[in-house]
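Bear in mind these aren't lab numbers, they're just calculated from the coordinates by the rules spelled out. Predicted model only: the values in this text are computed from it and were never measured. Here Cβ is always computed from backbone atoms with ideal geometry, including for glycine, and neighbour counts include all displayed protein chains.
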Amino acid sequence: MALRLATKNFRSKISSMLSSASLLHSHATSFGFKEVREEEKSQMVGKVFSNVASNYDIMNDLMSAGLHRLWKDRLVSKLSPFPGMKHLDVAGGTGDVAFRILESISSIRRRALQDPLNDGLQEETQIYVCDINPNMLNVGKKRAVERGLREDKSLTWAQGDAEALSFGDNSMDGYTIAFGIRNVTHIEKVLDEAYRVLKRGGRFLCLELSHVEVPVFKELYDFYSFSVIPQLGELVAGDRESYQYLVESIRRFPPQEKFASMIAEAGFQKVEYENLVGGVVAIHSGLKI
């Protein structure tokens with residue numbers, strides 16, 4: 001009964017806030033359930049991720065019970081990395097996805113070690129990790145050193161904006177973005193940029209927290225999101241507000257079908273998505289043909 005009452009209150013609060021957010025004028029956007037000017041959002045999101053950077057990995061483990069590791073493994077398996085590829089991982093500051101891609105390529109090379117035709121492909125492989133937040137990039141660089149990758153020329157760290165990438169047209173074989181696109185101001189611009197930098201035949205992959213539709217599971221998920229996660233943020237990271245924003249931003253992100261249509265509108269073909277854990281997260285993909 002208590003859970004049902006709590007989730008009812010959450011739904012009422014969310015509905016009210018979303019209704020208010022729907023009245024945003026042309027130069028405003030959402031920051032969680034708040035209404036803010038577009039030029040303010042990137043600064044506010046930047047502050048959130050500067051605050052959470054040092055505890056980002058441990059909080060991901062706690063919030064997802066470690067499942068985020070499996071979700072990222074699934075993302076990389078869909079990418080099918082190959083030696084010699086040029087890949088861009090956006091909003092990937094801590095390196096979680098990039099390290100997995102490099103390990104996948106290294107595994108392929110180890111299996112093909114006796115084949116002289118593969119000699120030198122390691123040098124040609126280039127994984128770019130792009131993030132707008134320098135604190136998140138610093139966490140990733142530190143982790144790279146801990147993994148013995150300080151001198152690995154296959155890995156490049158770049159500070160940049162997903163809405164205005166510095167990479168050339170048709171320059172990448174793959175593009176990934178994990179748990180990042182819901183934090184941008186203009187999703188359409190991010191998708192356009194992803195399409196621009198990918199080569200023909202290149203794959204776009206997005207791993208993002210999404211929408212649960214199964215009623216009972218949704219009630220439990222809402223209760224966990226709004227009651228437990230901010231509390232965890234306060235206890236572990238000393239920052240309730242940042243994690244309150246993070247759970248609110250999930251509810252503001254487009255549902256799976258809507259996001260798929262946005263990817264198609266950016267020019268991608270063969271667009272599809274896979275729900276994981278009942279829609280708690282979804283992996284969307286598309287090809288530039």
#### Entry: Structure-based [θ]222 nm, the chain - -39500 (n - 2.57) summed over DSSP H runs of at least 4, per residue, nearest 500
-14500 deg cm²/dmol
### Query
Picking from Phe204, Thr94, Ile283, whose Cα lies most toward the positive end of the charge dipole for the chain (charges on Cβ: Lys, Arg +1; Asp, Glu -1)?
Ile283
## Note on the structure
Taking 0.36 nm per residue of separation between Ala264 and His186 and subtracting their Cα-Cα distance, the length gained on full extension comes to 26.5 nm
## Note on the structure
In debye to the nearest 20, the charge dipole size for the range 29-288, taken about the Cα centre with +1 at each Lys and Arg Cβ and -1 at each Asp and Glu Cβ, equals 460
### Query
If each of Asp152 and Ser227 carries a label point 7 Å out from its Cα toward its Cβ, how far apart are those two points in nm?
4.2
